[in-house]
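Enquirer: Here it is: the structure, laid out below.
The values are calculated or read from the model by the stated rules, or taken from the named source; none is laboratory data. As the structure is a computational prediction, the values presented were derived from the model and not from experiment. So basically every Cβ, Gly included, is an ideal-geometry build from the backbone, and we count neighbours across all protein chains shown. Quick note on the areas: whole protein, heavy atoms, side chains included, nothing else; ligands and nucleic acids left out. Shrake-Rupley method; radii C 1.70, N 1.55, O 1.52, S 1.80 Å.
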Amino acid sequence: MKAKLALLGLAASLSFSAVADTEEMMQAAGKEQFNKCTACHSLDESKNAFGPSLIGVFGREAASLPRFAYSDALSKSGITWTEDNLRKWIAGNDQFVPGTRMRHVEITDKAEQDYLIAYLKTL
Ligand code: HEC
């Protein structure tokens, strides 16, 4: 009985670390994807580059950084950066928010989207 419990515990901790590894691997892959974004997006919270800083973007209201001159289109979009909306944005930002000033981005591969979103969540 004791041995059985110990085994169950071992199995539980193994599957837990497998999940954590996957998440870490996704974030690492997403960090590479993010190279497509760094030309315009700084990881320094206090700095807006050609695009707004993406630090803390997950869960943030669109166009909510006070010191960045957003397009009217994004300012009036009423979007919050949930996983779903980030996915639509990186799949085709100018279809999702017509009139945005961000250059067209089109990442249609679901796995690539997953990686990038996993990484964006860490910022
Ligand atoms: C050529 C420059 C450029 C590139 C490359 C770029 N962006 Fe942007 N991004 C912008 C600009 C400019 C805005 C502001 C858009 C507006 O006001 O309509 C923006 C806005 C955003 C926003 C909304 C932020 C907010 O505060 O509401 C997100 C999210 C975003 N970009 C993600 C990305 C991701 C992810 C990538 C890489 C796949 C990327 N961007 C690549 C220029 C760029």
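Enquirer: Residue 59 passes all but one of (1) within 11 Å of the ligand (Cβ to nearest atom); (2) at positive phi; which number fails?
Expert: (1)
Enquirer: Contact list please: Cβ distance under 6 Å, first residue in the range 83-99 and in contact (Cβ under 8 Å) with a residue 60 or more places away in the chain, second residue assigned to a helix (DSSP H, G or I) and near the ligand (Cβ under 7 Å from one of its atoms), pairs at least six apart or on different chains.
Expert: Here the result reads none, with nothing in the range 83-99 linked to a residue that is assigned to a helix (DSSP H, G or I) and near the ligand (Cβ under 7 Å from one of its atoms).
Enquirer: Looking for whichever is under 21 Å from residue 24 (Cβ atoms) and within 8 Å of the ligand (Cβ to nearest atom) here; the options are 120, 74, 65. Which one fits?
Expert: Details: 74 fails: under 21 Å from residue 24 (Cβ atoms); 65 fails: under 21 Å from residue 24 (Cβ atoms).
Exactly one of 120, 74, 65 is under 21 Å from residue 24 (Cβ atoms) and within 8 Å of the ligand (Cβ to nearest atom), namely 120.
Enquirer: Which of the residues belonging to the range 70-123 are of a type in the set (Lys, Arg) and part of a loop (DSSP other than H, G, I, E, B)?
Expert: Filtering the range 70-123 for residues of a type in the set (Lys, Arg) gives 76, 87-88, 101, 103, 110, 121.
Answer for the range 70-123, where residues must be of a type in the set (Lys, Arg) and part of a loop (DSSP other than H, G, I, E, B): 76, 101, 103, 121.
Enquirer: Right, something else. With the requirement that a residue be on the phi < 0 side of the Ramachandran plot and free of Cβ contacts under 8 Å to residues at least 24 places away in the same chain, what does the range 72-81 give you?
Expert: Quick first cut of the range 72-81, residues on the phi < 0 side of the Ramachandran plot only: 72-77, 79-81.
75, 76, 77, 79, 80 - these are the residues of the range 72-81 that are on the phi < 0 side of the Ramachandran plot and free of Cβ contacts under 8 Å to residues at least 24 places away in the same chain.
Enquirer: Still on this model: Residues in the range 25-42 that are open to solvent by less than 80 Å² (accessible area, probe 1.4 Å) and not polar (S, T, N, Q): how many?
Expert: At the first step, the residues of the range 25-42 found to be open to solvent by less than 80 Å² (accessible area, probe 1.4 Å) are 26-30, 33-34, 37-38, 40-42.
Within this subset, residues satisfying the condition of being not polar (S, T, N, Q) are 26, 28-30, 34, 37, 40-41.
Residues that pass the stated criteria total 8.
Enquirer: If you take the residues of the range 28-56 that are in a loop (DSSP other than H, G, I, E, B) and touching a Leu at 6+ places or on another chain (Cβ under 6 Å), which of them is farthest from the ligand (Cβ to nearest atom)? Before the answer, list the steps.
Expert: Taking the range 28-56 first, the residues in a loop (DSSP other than H, G, I, E, B) are 37-56.
Subsequent filtering for residues that are touching a Leu at 6+ places or on another chain (Cβ under 6 Å) retains 41, 52, 54-55.
On the way: 41: 5, 52: 4, 54: 6, 55: 10 Å.
Filtering first and then ranking leaves 55.
Enquirer: Continuing with the same structure: Here is a check on your reading of the model: is residue 85 open to solvent by less than 50 Å² (accessible area, probe 1.4 Å), within 17 Å of residue 122 (Cα to Cα) and within 9 Å of the ligand (Cβ to nearest atom)?
Expert: yes
Per-residue answers, yes or no, for (1) within 13 Å of the chain's Cα centre (by Cα); (2) of a type in the set (A, V, I, L, M); (3) loosely packed, with under 14 Cβ neighbours inside 10 Å:
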position	(1), (2), (3)
52	no, no, no
58	yes, no, no
66	no, no, yes
77	no, no, no
91	yes, yes, no
94	no, no, no
106	no, no, yes
117	yes, yes, no
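Enquirer: Among (1) at pLDDT 95 or above; (2) more than 17 Å from residue 35 (Cβ to Cβ); (3) under 13 Å from the mean Cα position of the chain (by Cα), which single condition is residue 62 missing?
Expert: That leaves (3) as the condition not met.
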